[in-house]
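Below: one structure, written as structure tokens.
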Amino acid sequence: ELKLVKGFNDFVVTFKPDDDYVPGEKMAIAKYDKELKQYVESHDAQSITHTVVYVVYEGKQLYVSPNGNALNKGTKESPLDLLTAVNYALPGQPVIMLEGTYYPTNGLNIERGNSGTPKKRKILQAAPGTRPIIDLSGSKLGITLWGDYWLFKGFDVRRSQGNVKAIQVGGHHNILERIDSYENGDTGIQ
């Protein structure tokens, strides 16, 4: 079991084939030789470094804005970007969209496992008195909701490209409330 600390966690992973391993026909174990500029057969141990960034944004809710970024604190005065907040929000910690138009470049993918619970949903909602817009015109992807126990509330989704669903719900126990979807290249909500 690995213990993560807040911030950067660097790991070195070493792969070494068993001493008696024999590759099958048309198989080889190779490494890239920079001097030869090609792959050469090698049974030497290979190591890679992998960094895991562990972040927890404090607060009862996380705020996002069209110009927010991942280095901010998630407060109203220092909002996050939409993707970061959706990926890091905890169950019961709503993501509040401040007024404006959001232009995701890669859609918005809420993966399986990024889920709330029956008692503490994950929530993406408009700030009171606002009607934010997610404009997909610059993205080849739409919004995909594969997580469970989410609530989307009070915003618009528009202008997905041709043959791109604006919102596709694949998870379980999700609620979309007061969501308008229009001018899309394919189904608005599926």
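The values are calculated or read from the model by the stated rules, or taken from the named source; none is laboratory data. Remember, it's a predicted structure, so these values are computed and weren't measured experimentally. Because the Cβ atoms are built from the backbone with ideal geometry, glycine has one as well, and the counts that use them run over all protein chains shown. Side chains are part of the model used for accessible areas, which takes the heavy atoms of the whole protein and leaves out ligands, DNA and RNA. Shrake-Rupley method; radii C 1.70, N 1.55, O 1.52, S 1.80 Å.
For the chain, which whole-number percentage of the solvent-accessible area (1.4 Å probe, protein heavy atoms only) is attributable to carbon and sulfur atoms?
Reported share for carbon and sulfur atoms: 51 percent.
Quick one: if you stick a label point 7 Å off each Cα along the C-beta vector at Glu1 and Thr101, how many nm between them?
In this crude label model, Glu1 to Thr101 measures out at 5.0 nm.
As a check on your grasp of the helix formula, calculate [θ] at 222 nm for the chain: sum -39500 (n - 2.57) over DSSP H runs of n ≥ 4, divide by the residue count, round to the nearest 500.
Only helices count here, giving -1000 deg cm²/dmol.
How much solvent-accessible surface does Phe15 expose, in Å² to the nearest 10, with a 1.4 Å probe and all protein chains in place?
Using a 1.4 Å probe on the heavy atoms, I get roughly 120 Å².
Between Ile189 and residues 5 or more places away or on another chain, which pairs have amide H atoms under 5 Å apart, with H built 1.01 Å from N, and which residues are they?
Under 5 Å from the amide H of Ile189: Ile167.
What's the extension gain from Val56 to Leu176 if we count 0.36 nm per residue and subtract their Cα-Cα distance?
Here the answer is 40.6 nm.
Give the percent of DSSP beta bridges with both residues in the chain that are antiparallel, rounded to the nearest 5.
Here the share of antiparallel DSSP bridges comes out near 30 percent.
With every protein chain present, what is the per residue accessible area of the chain (1.4 Å probe, Å²)?
It amounts to 63 Å² per residue over the chain.
Given Lys60/Lys119; Lys6/Lys37; Lys6/Lys31; Lys3/Lys122; Lys73/Lys120; Lys76/Lys122, which pairs have Cα atoms separated by over 27 Å?
Lys6/Lys37; Lys6/Lys31
If you build a Gaussian network model of the chain, linking Cα atoms that sit under 10 Å apart, which residue out of Leu62, Leu151, Leu90 swings the most?
Comparing Leu62, Leu151, Leu90 in a Gaussian network model of the chain, the most mobile one is Leu151.
Leaving out ligands, DNA and RNA but keeping every protein chain, what accessible area does Asp19 have, in Å² rounded to the nearest 10, with a 1.4 Å probe?
150 Å²
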